[in-house]
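Below is one structure, written out as structure tokens; the observations come after it.
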Amino acid sequence: MNRCLYSCVLLIILCKVTFISCLNQNNFRYDYTFHKDVGWLKFHRMPTSWEEAVLRCHGEGAILASPLDENMAEVISNFLVKREPMFTGISNIYAADEYQSMEGTPLSRIEKLNWASEPDVQGARTCVVMDRYREVTAVPCSERHSFVCRREEGVEKLNDCGTADLEYVLNNRTGSCYKPSHQRLTWSEAYKRCVTDGGHLAVINSDVEAEDLWMLIREQRPKGTALLGMRAWGEHRAWITVHGQSMNDAGYSGWYPGEPNNFKDNEACGSMYVGGKLEAGILNDVPCTEKHHYICEIDSERKITSLESSQNKK
Ligand SMILES: [Ca+2]
Ligand SMILES: [Ca+2]
């Protein structure tokens, strides 16, 4: 009760001090930063195809960013430190003679684009890249470039997990949010999928978490194996979580007797038994190339960035 009172008073003071309306959706995923008059942005440095960039942003609850006005062009291009250009959300992917941003803004309504050469509107589908000097060029969409995802301020409600993905559900016993998978993936694919969500492959930090994850995945998938966020490294096969901790430091290492056995010298990825009569949370090592179900986790500390903390970072 006292704690609640203290938090409420603190919140009210913070709202007054920073002139931020705390009733608005002034927070978003921890991996995005807030930029005035632009919204929440995240720079993806690793080059991908345009289609992959669209999907990555979509998966994060955002949209592939475009230089819709001069301010936005400047803020987005400032992420570039090298010569290589980045993808924007502008393309003629739907119709050859109609370039639009992902938001559906036509070229005629986008302020002053500085074309290196006028785009071809005779049939080829192209996607627009922008360099650090804000010069834009239409290139094949299959080229690979970095990109920025953008989310407008306060457009959608986020759940307790700091995501618009309602499949993430907060577990009050652990303070983390979890999402069980719908499909089987290899460990690397599953890792990437969870990172796109703003989370990570689940890491078990306690007996309670082991039990709850086991029950969660059993509801969806009564049999098999669920991949988790740990791997074996080096000659001595040190098991390290995706947060760089040993299993003991992470807080749980309930291997099945005889496991991890590195069967046929080919098992370096961590998993939990799901089916059968085994107790909750029994771990096993499996081949990294085998496809299994998996669980993504969003940690309590990582769920959201508030507007204040994002601005303080800058
Ligand atoms: Ca955890
Ligand atoms: Ca094994």
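The values are calculated or read from the model by the stated rules, or taken from the named source; none is laboratory data. Values in this document were obtained by computation on a predicted structure and should not be read as measured data. A quick note on method: Cβ atoms are made from the backbone with ideal geometry, for glycine too, and the neighbour counts reach across all protein chains shown.
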Say we look at segment 235-253 and pick out the residues that are assigned to a strand (DSSP E or B) and in contact with a helix residue (DSSP H, G or I) (Cβ under 9 Å, 6 or more places away or on another chain); which of these is surrounded by the fewest Cβ atoms within 10 Å (Cβ to Cβ)? Ile240
Kindly list, by first and then second residue, each pair from a residue in segment 257-285 that is on the phi > 0 side of the Ramachandran plot to a residue that is assigned to a loop (DSSP other than H, G, I, E, B) and within 11 Å of ligand 2 (Cβ to nearest atom), limited to pairs with Cβ atoms under 8 Å and residues at least 6 apart or on different chains. Asn262/Ala268
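Listed here are the residues, each with its yes/no results for (1) over 20 Å from the mean Cα position of the chain (by Cα); (2) within 22 Å of Gly59 (Cα to Cα).
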| residue | (1), (2) |
| --- | --- |
| Leu201 | no, yes |
| Ala232 | yes, no |
| Thr241 | no, no |
| Trp255 | yes, no |
| Asn261 | yes, no |
If you take the residues in segment 252-265 that are away from ligand 1 (no atom under 16 Å from the Cβ) and among the polar types (S, T, N, Q), which one is nearest to Tyr191 (Cα to Cα)? Asn262
I need the full set of residues from segment 99-134 which are of a type in the set (Phe, Trp, Tyr) and surrounded by 14 or more Cβ atoms within 10 Å (Cβ to Cβ), in order please. Tyr99
Can you tell me how many residues in segment 266-291 are away from ligand 1 (no atom under 16 Å from the Cβ) and modelled with pLDDT under 95? 8
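Per-residue answers, yes or no, for (1) under 30 Å from Glu167 (Cα atoms); (2) modelled with pLDDT under 95; (3) part of a loop (DSSP other than H, G, I, E, B):
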{"position": "Arg45", "(1), (2), (3)": "yes, yes, no"}
{"position": "Glu52", "(1), (2), (3)": "yes, yes, no"}
{"position": "His58", "(1), (2), (3)": "yes, yes, no"}
{"position": "Ile76", "(1), (2), (3)": "no, no, no"}
{"position": "Val81", "(1), (2), (3)": "no, yes, yes"}
{"position": "Thr88", "(1), (2), (3)": "yes, no, no"}
{"position": "Asp97", "(1), (2), (3)": "no, yes, yes"}
{"position": "Glu103", "(1), (2), (3)": "yes, yes, yes"}
{"position": "Ser108", "(1), (2), (3)": "no, yes, no"}
Could you check how many residues of segment 239-265 are in contact with a strand residue (DSSP E or B) (Cβ under 9 Å, 6 or more places away or on another chain) and within 16 Å of ligand 2 (Cβ to nearest atom)? 11
